[in-house]
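Down below is the structure, laid out as structure tokens.
The values are calculated or read from the model by the stated rules, or taken from the named source; none is laboratory data. Note that the structure is a prediction, hence the values are computed from the model and not measured. Note that we place each Cβ from the backbone using ideal geometry, even for glycine, and neighbour counts take in every protein chain shown.
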Amino acid sequence: MKLFGKNHLIICVITFAILFLMNYLGNNEADKLQRALMIGAAGVIGLSIGLFIMNKGKDDKNPPHDFD
């Protein structure tokens, strides 16, 4: 999957929506909106970092020597 491509943005929106709703609806604290926004954003950032790391080594022509 291409980083910041159409599919990536769709999955980011879906991930944010799921995490936001799970935390907003399941939280009874006074700051539930702020917590839900932060956790949703953290999920999208984590997804993007994971995809960046995965795509970084995808077309590597020179793998590490003696990698085991």
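Odds and ends about this structure:
- Among the residues making up the stretch 23-56, those that are surrounded by 15 or more Cβ atoms within 10 Å (Cβ to Cβ) and small (G, A, S) are A36, G40, G43, S48.
- Taken as a whole, the structure leaves I18 outside the set of residues that are within 30 Å of K56 (Cβ to Cβ), in contact with a helix residue (DSSP H, G or I) (Cβ under 7 Å, 6 or more places away or on another chain) and surrounded by 11 or more Cβ atoms within 10 Å (Cβ to Cβ).
- Taking the stretch 23-41 as the range and being among the aliphatic types (A, V, I, L, M), assigned to a helix (DSSP H, G or I) and without any contact (Cβ under 8 Å) to a residue 12 or more places away in the chain as the test, the residues that pass are L25, L33, M38.
- Odd one out for N62, checked against (1) modelled with pLDDT under 95; (2) loosely packed, with under 14 Cβ neighbours inside 10 Å; (3) in a helix (DSSP H, G or I): (3)
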